[in-house]
Structures are given as C-alpha cells and as structure tokens.
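Take a look at the structure below.
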Amino acid sequence: MTITNYKHLQEPIRIKIASGYLQHEMRKIFPRIRDKEIWKKIDREVKNLSNNTTMAPVRDFWNLVDSICFGLKLKNLVPRLTSQNIKWSKEKVKIDDLYMGAKRDFKCLEKLDIEMPNGRDVKDFLFNKRNLDILKFAKNDSLKNSKKTFDRNLFPIIIGPKNQKMVVYDGNRRFIKSVLEGKVGMVAYKATVIKQPMFYNYWIPTSRILDLVTHANLLLENNDRSGAKVLSQSLGYMLRNSEVGKLEFYTKIMNHTSVPGGEFILKEVEKIIGN
C-alpha cells in the first residue's frame with residue numbers, strides 16, 4: 001500500500017479547496033504584489049501543485065497545505081479537509097445559519113455578548129440603532145482590511161459542523177463583510193460528516209509525526225523514559241484513526257530516520273494502535 005492508493009486524498013474538490021486556501025493566503029503573505037497578471041501566474045502555479053512533478057505525490061501537497069494552515073496561521077484545517085468520513089461540497093448557504101469561528105479576532109464585535117454568534121446575531125448587533133458608531137467602524141475596518149492585499153474576497157469560505165452548529169472554519173472576515181453588505185447568502189465549501197468517527201484516515205503531517213518521535217528520543221537520551229513513553233503513546237493516539245498516518249509512520253519515519261530509541265518508541269506506539 002502506498003499513499004497514492006488513498007483516493008480520498010486526491011479528490012478534486014479537496015484539492016480545489018486546499019489550493020484556493022493557499023491562493024488566498026498567498027495574497028496576505030505577499031501583500032505588495034498588486035499586479036493582476038502576476039497573480040494569474042501565481043494562482044495557476046498553486047492550482048497545479050498537486051501535479052507538480054518536482055514534489056512527491058500527495059505527501060508534499062498536504063504537508064505544504066498544513067505548513068501554511070497550521071504552521072503559519074495556526075488553523076487545524078487539514079484533518080477536516082482530508083478525513084475519509086467527511087464529504088465536501090460547494091453550496092450557497094444562508095448567512096443567518098452560520099456561526100463565527102473566531103469572533104475574538106474582530107474589534108467591532110467586542111461588545112457583542114455572545115461567544116459564538118451566528119449571522120443573525122452579528123447583523124442585529126451591527127445594525128442596531130444604538131451601535132451606529134460601531135457599524136461605521138466595522139465598515140471602515142472591513143474596507144481597510146480588503147485593501148491590504150490584492151483582491152481575496154471572491155474565494156468561498158470554508159464551513160462545517162462543530163458542536164452541533166455550522167461554523168465558519170475559514171473566512172470570518174468575508175463572512176462579516178457579507179453581513180455588512182446586506183447579503184442573505186454566500187458561497188461556501190461545506191463539510192458534511194457521512195460516517196463516524198468524524199476524523200478517520202486523515203492526513204497527519206509527516207513533520208508532526210517526526211517531531212514527536214524526535215522529542216521522545218531526546219527524552220530517552222536524557223534518561224526520561226516516562227516522558228518518552230507519554231510522547232510515544234500520544235503519537236499512538238494521533239495515529240490510531242488514520243491508516244495513512246500509520247503508513248507515514250512506518251515507511252517514512254521509522255524506515256528512513258535514524259532513531260536510536262526507535263525500538264522503545266515503536267513498542268509504546270503499538271500499545272495504542274494495536275499492532
């Protein structure tokens with residue numbers, strides 16, 4: 001079995017969502033590039049990343065997506081984008097039915113006394129006659145943020161279930177912008193759980209596996225077997241519901257990495273994953 005056998009990791013819609021996310025973030029990484037033709041070229045290259053012959057198939061693509069998603073932006077999107085038990089679709093959704101995933105990032109909502117507001121809550125708050133100053137600030141702030149980079153407002157937001165709500169995983173700024181513009185709906189990539197467990201056979205970044213193995217080994221070198229055991233078993237729990245993660249662990253990490261404490265780590269991992 002090789003990574004390329006896991007077809008769900010290569011589904012066109014998953015690749016499209018991930019590529020769109022990278023294109024969106026690239027605009028923030030390079031805010032001074034404003035030339036439309038340059039962005040056409042960059043977007044084309046990003047769109048073709050999954051077929052880039054200089055990169056290892058599947059592995060390098062999802063590792064790159066995670067490096068931006070989690071490594072740079074601290075968003076743990078990749079497990080959702082790659083779980084075999086999550087189906088993705090592109091839909092127009094009602095703004096009122098969506099819940100914000102990062103309200104604390106928006107100063108205009110500081111006085112909204114709801115931890116996770118939905119579109120109706122945000123609309124009622126911002127357009128309340130008592131909040132005219134806040135509405136003015138929100139509109140100016142939205143315009144200011146939009147102008148910080150080349151246009152990134154047309155990318156669909158990414159949404160899905162969390163705590164029995166349909167939550168904005170990525171795109172809260174665009175969500176608020178749509179509310180301010182009086183829109184009823186917006187285009188989104190929507191996650192639907194088709195089977196339990198929700199997170200199953202999802203991509204676990206190779207670097208994250210290696211990080212736990214490396215740190216467990218450092219603890220062994222420091223004569224801290226109990227700490228190494230905890231880290232190794234934590235890795236086991238991380239791998240337990242991901243066949244592709246186990247494949248990376250055995251074929252990419254344990255077979256290609258010099259791990260003096262490898263036998264100890266492997267034994268503790270397998271206590272959890274059941275091998």
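The values are calculated or read from the model by the stated rules, or taken from the named source; none is laboratory data. Just so we're clear, the structure is a prediction, and the values are computed from it rather than from any experiment. Note that each Cβ is placed from the backbone with ideal geometry, even for glycine, and that neighbours are counted across all protein chains shown.
Yes or no: region 100-116 includes at least one residue that is surrounded by 21 or more Cβ atoms within 10 Å (Cβ to Cβ), under 15 Å from Lys165 (Cα atoms) and aliphatic (A, V, I, L, M).
Taking every residue of region 100-116 in turn, at least one turns out to be surrounded by 21 or more Cβ atoms within 10 Å (Cβ to Cβ), under 15 Å from Lys165 (Cα atoms) and aliphatic (A, V, I, L, M).
Of all helices (runs of 4 or more DSSP H) completely enclosed by region 1-79, which ones contain at least 3 residues that are of a type in the set (Val, Ile, Thr)?
Details: elements: 12-29, 36-47, 59-66.
The qualifying helices (runs of 4 or more DSSP H) are 12-29, 36-47.
Looking at (1) free of Cβ contacts under 8 Å to residues at least 12 places away in the same chain; (2) closer than 26 Å to Ser67 by Cα; (3) not small (Gly, Ala, Ser), which one does Thr206 not meet, given that it meets all the others?
(1)
Could you list, ordered by first residue, the pairs with Cβ atoms under 6 Å in which the first is in region 176-189 and assigned by TED's automatic domain parsing to the domain that holds Phe155 and the second is outside any helix (DSSP H, G or I) and basic (Lys, Arg), at least 6 apart or interchain?
Close Cβ pairs satisfying both conditions: Gly185/Lys92; Gly185/Lys94; Val187/Lys92; Tyr189/Lys90.
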